[in-house]
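Enquirer: After the structure tokens below, expect a handful of questions from me.
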Amino acid sequence: MKAIQGALIVSSSIQIILGYSQLWGIFSRFFSPVGMTPVVALLGFGLFERGFPVVGRCVEIGLPMLILFVVLSQYLKNIQIKEIPILERFSLFICVALVWAYAQILTSGGAYKNSAEVTQNNCRTDRANLISSAPWIKIPYPLQWGAPTFNAGQSFGIVSAVLVSLVESTASYKAAARLASATPPPAHILSRGIGWQGIGILLDGLFGTGTGSTVSVENVGLLGSTRIGSRRVIQISAGFMIFFSMLGKFGALFASIPFTIFAAVYCVLFGLVAAVGLSFLQFTNMNSMRNLFIVGVSIFLGLSVPEYFFRYTMAAHRGPAHTKAGWFNDYINTIFSSPPTVGLMVAVFLDNTLEVKQAGMDRGMPWWQRFRTFKGDSRNEEFYRLPFNLNRFFPPA
């Protein structure tokens, strides 16, 4: 844990520097609707293994959850109580509560008493005695595992994960803006978001969380499902997370929800995010063979290359990159195991080297270019200003 803390603290500087120096915003000038389509689409498609393959581990719970969520959130979404679309807004909460109770009935009734261990791990609600072993109150504090240790090799390994998080978060920002009917994030806003995320990783290292912070792809999909894009919801949710992190019993209670339930939800939410990526094509000319080539090759390689790295690792118990430099191995194996990252490298390279001068209109740049600056659209002030008048300290570019 001390080594992980140190590696997180060091690697957080990457996002802080790239964010607050505006370097990431400057690099974003190479993005276009054609280039971002594969990246955002792969953000959803690249997580397909967390969908139905996990649902299949406990079909009697996962399949009802998937069907119920689709029915309530789509077919019955127009049902209102006092002019509030209850099922559209709260379908996920209702479905999880109902199927969780159903899973508890199956567990208490002994449905899995003689089942295989893998079935019990994916279906039971009382696995590992989570609730009984968790403390009632545990308040996290900085350096709770002791003073962090710093190792160059381990830090390089986490840096690669931070760079992957950088790409995936950028794609998530683009997808969230589309689902919230907001303007595409200007370059300054992208950099600001990455900078704040770096501060989050720094706090992760100080508090010893064991993992870094990144954008939640499922929450981006949930934004599209519920049609709720209010900042106040995020602020209240963050308060609940901080509160429950200190009450061990409550955290363990939520951790007892079979992961199959979430996998069923992922089938919908990740699909929504992938579809948002494909929706960028409406701003491009898809009669152009150039654009078809870039989008097709980027999406295919974005799925194929990480799948190769995954299968190689499962068979050989190590990544394809296997040199004497452990940090280099971690770097290569992590970078090329991320579908959005591979998609970004391929798409941005091809989009900025293949017939660039002749393809400005086909790439969708006339529509895209005016959103690069904060003052390029009057609606940016509404969508991206900081709360509590903090723009005084972080003025838009």
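Enquirer: Just name the residue that is nearest to residue 74 (Cα to Cα) out of those in the range 252-265 that are part of a helix (DSSP H, G or I) and open to solvent by less than 30 Å² (accessible area, probe 1.4 Å).
Expert: Of all residues in the range 252-265, those part of a helix (DSSP H, G or I) come to 252-255, 259-265.
Still in the running and open to solvent by less than 30 Å² (accessible area, probe 1.4 Å): 252, 260-261, 263-265.
Working: 252: 31, 260: 21, 261: 18, 263: 18, 264: 15, 265: 13 Å.
That would be 265.
Enquirer: Still on this model: Out of (1) part of a helix (DSSP H, G or I); (2) open to solvent by less than 60 Å² (accessible area, probe 1.4 Å), what's the single condition that is false for residue 245?
Expert: Result: residue 245 fails condition (2) only.
Enquirer: Specify which of the listed residues (54, 34) is closer than 21 Å to residue 351 by Cα, in contact with a helix residue (DSSP H, G or I) (Cβ under 8 Å, 6 or more places away or on another chain) and either of a type in the set (A, V, I, L, M, F, W, C) or surrounded by fewer than 17 Cβ atoms within 10 Å (Cβ to Cβ) (or both).
Expert: 34
Enquirer: Same structure, new question: Name the single residue that is modelled with the lowest pLDDT among those in the range 113-126 being open to solvent by 50 Å² or more (accessible area, probe 1.4 Å) and part of a loop (DSSP other than H, G, I, E, B).
Expert: Within the range 113-126, the match that is modelled with the lowest pLDDT is 126.
Enquirer: Test each condition in (1) within 27 Å of residue 378 (Cβ to Cβ); (2) not in a helix (DSSP H, G or I) for residue 210 and report the one that comes out false.
Expert: (1)
Enquirer: A further question on this structure: Among the residues of the range 127-150 satisfying the criterion of being surrounded by fewer than 15 Cβ atoms within 10 Å (Cβ to Cβ) and over 21 Å from residue 241 (Cα atoms), which is modelled with the lowest pLDDT? Step through it out loud before you land on a result.
Expert: As a first pass, look at the range 127-150 and keep what is surrounded by fewer than 15 Cβ atoms within 10 Å (Cβ to Cβ): 128-129, 132-133, 135-147, 149-150.
Checking the rest, the ones that are also over 21 Å from residue 241 (Cα atoms) come to 128-129, 145-147, 149-150.
Values: 128: 60, 129: 67, 145: 86, 146: 87, 147: 88, 149: 88, 150: 88.
Here the residue is 128.
Enquirer: Moving to a separate point now. Restricting to the range 165-220, and then to whatever is within 12 Å of residue 273 (Cα to Cα) and basic (Lys, Arg), can you tell me which residue is surrounded by the fewest Cβ atoms within 10 Å (Cβ to Cβ)?
Expert: 178
Enquirer: Can you pull out every residue in the range 320-339 that is farther than 16 Å from residue 154 by Cβ, open to solvent by less than 30 Å² (accessible area, probe 1.4 Å) and without any contact (Cβ under 8 Å) to a residue 24 or more places away in the chain?
Expert: 321
Enquirer: While we're on this one: Could you check residue 40 against (1) in contact with an Asp or Glu (Cβ under 7 Å, 6 or more places away or on another chain); (2) under 30 Å from residue 203 (Cβ atoms) and say which number it fails?
Expert: Single failed check for residue 40: (1).
Enquirer: Conditions: (1) open to solvent by less than 50 Å² (accessible area, probe 1.4 Å); (2) in a helix (DSSP H, G or I); (3) modelled with pLDDT under 90. Residue 160 meets all but one. Number of the miss?
Expert: So residue 160 meets the others, but not (3).
Enquirer: Assess whether residue 240 counts as being part of a helix (DSSP H, G or I), surrounded by fewer than 16 Cβ atoms within 10 Å (Cβ to Cβ) and either in contact with a strand residue (DSSP E or B) (Cβ under 8 Å, 6 or more places away or on another chain) or free of Cβ contacts under 8 Å to residues at least 24 places away in the same chain (or both).
Expert: Working: part of a helix (DSSP H, G or I): yes; surrounded by fewer than 16 Cβ atoms within 10 Å (Cβ to Cβ): yes; either in contact with a strand residue (DSSP E or B) (Cβ under 8 Å, 6 or more places away or on another chain) or free of Cβ contacts under 8 Å to residues at least 24 places away in the same chain (or both): yes.
Yes; evaluated as a whole, the condition is true for this residue.
Enquirer: Cβ-Cβ below 8 Å, separation at least six or inter-chain, first residue in the range 92-109 and surrounded by 11 or more Cβ atoms within 10 Å (Cβ to Cβ), second acidic (Asp, Glu) and not in a helix (DSSP H, G or I): which pairs?
Expert: Note: pairs meeting the criteria are 107/126.
Enquirer: Please work out if residue 359 is of a type in the set (A, V, I, L, M, F, W, C) and crowded, with 17+ Cβ neighbours inside 10 Å.
Expert: Details: of a type in the set (A, V, I, L, M, F, W, C): yes; crowded, with 17+ Cβ neighbours inside 10 Å: yes.
Spelling it out, residue 359 is indeed of a type in the set (A, V, I, L, M, F, W, C) and crowded, with 17+ Cβ neighbours inside 10 Å.
Enquirer: Sticking with this one: Taking into account only those residues within the range 18-31 that are out of contact with any Gly (no Cβ under 6 Å at 6 or more places or on another chain) and within 15 Å of residue 164 (Cα to Cα), which is most open to solvent (accessible area, probe 1.4 Å)?
Expert: Step one: list which residues in the range 18-31 are out of contact with any Gly (no Cβ under 6 Å at 6 or more places or on another chain), which gives 18, 21-31.
So of that shortlist, the ones also within 15 Å of residue 164 (Cα to Cα) come out as 18, 24.
Values: 18: 41, 24: 23 Å².
That would be 18.
Enquirer: Which count do you get for residues in the range 224-237 that are open to solvent by 80 Å² or more (accessible area, probe 1.4 Å) and in a helix (DSSP H, G or I)? First the steps, then the outcome.
Expert: Pass one, the range 224-237, residues open to solvent by 80 Å² or more (accessible area, probe 1.4 Å): 227, 231-232, 234-236.
Then keep just the ones that are in a helix (DSSP H, G or I); that gives 231-232, 234-236.
So the count comes out to 5.
Enquirer: Restricting to the range 225-258, count the residues that are of a type outside the set (S, T, N, Q) and within 17 Å of the chain's Cα centre (by Cα). Break it down into steps so the answer makes sense when it comes.
Expert: Quick first cut of the range 225-258, residues of a type outside the set (S, T, N, Q) only: 227-229, 231-234, 236, 238-244, 246-255, 257-258.
Now restrict to residues that are within 17 Å of the chain's Cα centre (by Cα): 229, 234, 238.
Residues that pass the stated criteria total 3.
The values are calculated or read from the model by the stated rules, or taken from the named source; none is laboratory data. On a predicted model such as this, the values are computed, not experimentally measured, just so you know. All Cβ positions, even for glycine, are placed from backbone atoms using ideal geometry, and neighbour counts span all protein chains on display. Side chains are part of the model used for accessible areas, which takes the heavy atoms of the whole protein and leaves out ligands, DNA and RNA. Shrake-Rupley method; radii C 1.70, N 1.55, O 1.52, S 1.80 Å.
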